[in-house]
Amino acid sequence: MKITLKFKILISFALSMALFMGCLCGCEKDGGSNKTSEDKNGYVTETMVTSETDETTPEITENSTAVPTAEPAPEDTPVPVVTGTATSSVTAEPTATPKVTTKPTATPIPKMTATPTLKPTATPTPKPTATPRPKPTATPRPKSTATPTPKPTATPTPKPTAAPIPTVNPDVQVGDYVFFGSYEQDNNTSNGKEEIEWLVLDVEDGKALVISKYALDCQPYNTLYTNVTWETCTLRNWLNGTFYNSAFSSGEKSNIVTSYLSAEDNYGTDAGNSTNDKIFLLSISEAKKYFSLNSARQCKPTAYAKAQGTSTSGFYGNCLWWLRSPGYYQYDASYVLSDGFVDDRGFGDGVYYGNYGVRPALWINLE
């Protein structure tokens, strides 16, 4: 578009120049003359006067404007108008350059293009999407872990402090009563065992021979009715086993002396072998030696011994109690009657008889 406009201007300018040059040449040929005039503004205008008029040459008058002929411009394209005031100035020079005043080209006013109004596009309302219901997941049951049972820590048993060893007063005399050891006596086990009371029979070389004041239990000399000696009878085993462990503490046991016991025959009956015992019974000779009177040998049983079967039907509620010596026969054993008399034959009852009381004897270390 711009190239076409420039091209048209150039063509118009060329045509104007061609017309101007044609007029100039015609004047020279016809011998025309120039006429000078001055306008009211003081401008000098030269007018060429010719003798004849050429119909084909356009007449250039004062302030005339040569308008080149141009092809009609299209309707939608503005055609620039080139205007120029051709002032013919003829001088003596052979060629005069005409002054051409070019009218400014009108800048086409751009047509207002209507900006189309954008129709509001309807924002589609999003369809609500159904939120899927979460499938219930089965919560796994926690596996029960077996809690390990803590192993019990062994609580160290405190070492027992050495208690003073129970002993008997070293100044004891024959005929005194002392307490040593404990055994059930009142037949009431709920209150524990009671202290054993002993009668001192002899004191020698820092030792004391004692015998229980009461019959403490009821036991047969031997559980079977057979020939037996002190060495083999069941009563010896019971005294040095069950009774010894039940009646004395470890400290008290340490003060009990192991005694040598000789076997004494009676009426020619074999008494067996001598023994070494902690707990024992008196022999026939010892019962007569340490008790000079029958009344001194009389003995009563404890409530516990009576409950175990000890007989008290004799003299003044006293009981019979065993000696370790054999009787007239080996299946018999000697004993003390309820009135205190020593029955060395043991007639009438055998070793298995079970209603006699037991009076233990022992030697205690006094040092």
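Structural remarks
- Rounded to the nearest 20, the size of the Cβ-charge dipole of segment 177-365 about its Cα centre is 200 debye, with Lys and Arg at +1 and Asp and Glu at -1.
- Modelled label positions at Tyr316 and Asn365, each set 7 Å beyond Cα in the direction of Cβ, lie 3.9 nm from each other.
- Amide proton proximity set for Lys207, modelled H, under 5 Å, gap of 5+: Leu366
- Anisotropy class of segment 226-314 from Cα gyration tensor, a/c 1.5 cut: rounded
- Val358 long-range amide H proximity, modeled H, under 5 Å: Leu216, Asp217, Gln219
- Ellipsoid semi-axes for segment 177-365, based on the Cα gyration tensor and the rule √(5λ), read 23, 20, 16 Å when sorted largest first.
- Taking a Cβ cut-off of under 14 Å around Thr229, the surrounding Lys, Arg, Asp and Glu residues balance to a net charge of -4, with basic ones at +1 and acidic ones at -1.
- Positive-end ranking of Pro326, Ile279, Thr269 along the dipole of segment 252-367, with charges on Cβ about the Cα centre, is headed by Ile279.
- Computed 3J(HN,Hα) for segment 251-256, one whole-Hz value per residue from the Karplus formula 6.51 cos²θ - 1.76 cosθ + 1.60 where θ = phi - 60°, is x, 5, 4, 5, 9, 8, glycine and proline marked x.
- Cα-based shape type of segment 257-367, given that a ≥ b ≥ c are square roots of the gyration tensor eigenvalues and the cut on a/c is 1.5: oblate
- Surrounding net charge for Thr258, when Lys and Arg each add one and Asp and Glu each subtract one, Cβ distance under 13 Å: +2
Where a number appears in this text, it was derived from the coordinates with a stated rule and is not lab data. Bear in mind that the values here come from a model prediction, so they are computed numbers and not experimental data. Quick reminder, even Gly has a Cβ in these numbers, built from the backbone with ideal geometry, and neighbours come from all protein chains shown.
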